[in-house]
Amino acid sequence: MIITCEKCNARYDLDVSSIRKPSFKVRCAQCNHGFTVHKPAEPETDISLSEAVRPDHDHLVVSISNQKGGVAKTSTCMNLGLSLSKLGKKVLLIDFDVQANLTTSLDLSPNLPSFFDVLNSGIENISRHIHETSIPDLNILPANSRMALLGKQYMHTPNFEFMLRDSLKWVNNSFDYILIDTPPAIGYCTLNALMASDHVIIPTPCEYLSMHGIHKIEEIIRIVKRRTGSNIDYTILIAMHDPRSVASRVIFKKIGDMFKDKVFKTTIELDEKIKESQILHQPVHIYDPKSSSARQYMELAQEFLDRTS
Ligand SMILES: Nc1ncnc2c1ncn2[C@@H]1O[C@H](COP(=O)(O)OP(=O)(O)O)[C@@H](O)[C@H]1O
Ligand SMILES: [Mg+2]
């Protein structure tokens with residue numbers, strides 16, 4: 001039976017088969033709140049219990065997240081997504097940032113229905129809002145400005161942070177990877193993305209303050225693990241690296257020493273071609289397949305496949 005703390009909404013999977021009383025007291029391990037639980041007259045079926053704890057899916061859900069802005073989250077989501085599709089994987093990108101940069105970078109209109117509209121039209125219809133892009137096997141659920149209302153409308157709904165996870169159960173195409181581009185803040189969208197994820201990629205430049213951002217995401221991943229019981233894992237991606245800068249090289253080494261095998265071996269270096277490609281609304285691999293960043297994103301995709309399969 002799934003029990004939700006009435007104060008902090010922490011969820012627990014409790015075996016009540018040996019409890020004979022119709023109601024009993026529990027204390028939340030997270031906020032220490034004590035409350036009474038009533039056993040359901042009819043026990044829930046095994047299927048609904050296991051689904052509530054972990055959705056059954058074949059695809060790997062990956063959030064690209066860092067609460068700092070301008071660290072290459074959107075660029076990584078798009079270019080890693082394209083590279084995975086080039087390696088034969090079927091990919092769905094979810095633009096989960098109200099700025100809709102991922103949507104416009106792939107030359108789609110920022111007025112198409114988004115996750116906000118999925119919730120309003122019924123989550124079972126989510127596949128209707130997924131669009132093909134001009135690149136084979138690269139699909140997208142766009143963002144639009146109405147996503148700014150998600151927090152206001154749902155933040156006080158019990159278990160609001162599982163809305164994306166529950167919606168993804170209704171995606172009926174068989175994707176291998178679902179990559180979620182998240183906004184630079186820990187709010188409704190980032191919490192939903194992390195709760196739905198099996199893996200988090202944390203892009204970071206080699207800057208002194210960037211390590212704080214990594215620790216923050218690690219902290220949230222620990223909370224997600226506690227609340228969902230999932231095996232969510234993460235890998236740090238050094239992006240926008242400038243190997244000619246002494247300061248960058250010092251921080252690069254520091255991040256490697258501190259996080260060891262939690263850091264991708266592949267790094268993405270600074271490359272003007274990324275900026276140029278975004279002006280033309282194209283992934284860098286389409287704009288200039290011979291560029292260093294196109295090559296590095298292909299290497300990253302291969303390393304990611306090796307790590308996750
Ligand atoms: N490897 C790179 N080299 C040069 N510019 C980059 C690189 N990666 C991203 N950028 C640029 O940096 C800016 C921020 O990138 P973006 O992916 O939008 O970050 P975020 O989504 O984290 O805010 C964009 O203008 C993008 O074109
Ligand atoms: Mg972005």
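The values are calculated or read from the model by the stated rules, or taken from the named source; none is laboratory data. Because the structure is a prediction, the values reported are computed rather than measured. FYI the Cβ positions are ideal-geometry reconstructions off the backbone, even for glycines, and counts take in every protein chain you see.
Annotations
- Members of region 93-114 found to be away from ligand 1 (no atom under 16 Å from the Cβ), under 19 Å from the mean Cα position of the chain (by Cα) and not polar (S, T, N, Q), listed by number: none
- Boolean, THR157 is within 16 Å of ligand 1 (Cβ to nearest atom), farther than 22 Å from ILE217 by Cα and in the same structural domain as LYS273 (by TED's automatic domain parsing): no
- Here the condition is being within 16 Å of ligand 1 (Cβ to nearest atom) and of a type in the set (Ser, Thr, Tyr); of THR228, THR204, it holds for THR204 alone.
- Restricting the search to strands (runs of 3 or more DSSP E) fully inside region 112-206 and requiring at least 1 residues that are charged (D, E, K, R) gives 177-181.
- The requirement of being out of contact with any helix residue (DSSP H, G or I) (no Cβ under 6 Å at 6 or more places or on another chain), within 17 Å of MET147 (Cα to Cα), among the charged types (D, E, K, R) and within 16 Å of ligand 1 (Cβ to nearest atom) is not satisfied by ASP117.
- Counted residues, region 222-281 - those being within 16 Å of ligand 2 (Cβ to nearest atom) and not aliphatic (A, V, I, L, M): 4
- Lone qualifier among ALA148, ALA100 - being at positive phi and of a type in the set (A, V, I, L, M): ALA100
- Which numbered condition VAL284 fails, given (1) under 21 Å from the mean Cα position of the chain (by Cα); (2) within 11 Å of ligand 1 (Cβ to nearest atom); (3) surrounded by 20 or more Cβ atoms within 10 Å (Cβ to Cβ): (1)
- Within region 77-103, the set of residues being touching a residue at least 60 places away in the same chain (Cβ under 8 Å), within 13 Å of ligand 2 (Cβ to nearest atom) and crowded, with 24+ Cβ neighbours inside 10 Å comprises CYS77, MET78, ASN79, LEU93, ILE94, ASP95, PHE96, ASP97, LEU102.
- Count of region 104-114 residues which are away from ligand 2 (no atom under 12 Å from the Cβ) and more than 21 Å from GLY151 (Cα to Cα): 4
- Whichever residue in region 169-200 is surrounded by fewer than 21 Cβ atoms within 10 Å (Cβ to Cβ) and under 16 Å from SER114 (Cα atoms) and, among such residues, is nearest to ligand 1 (Cβ to nearest atom): VAL171
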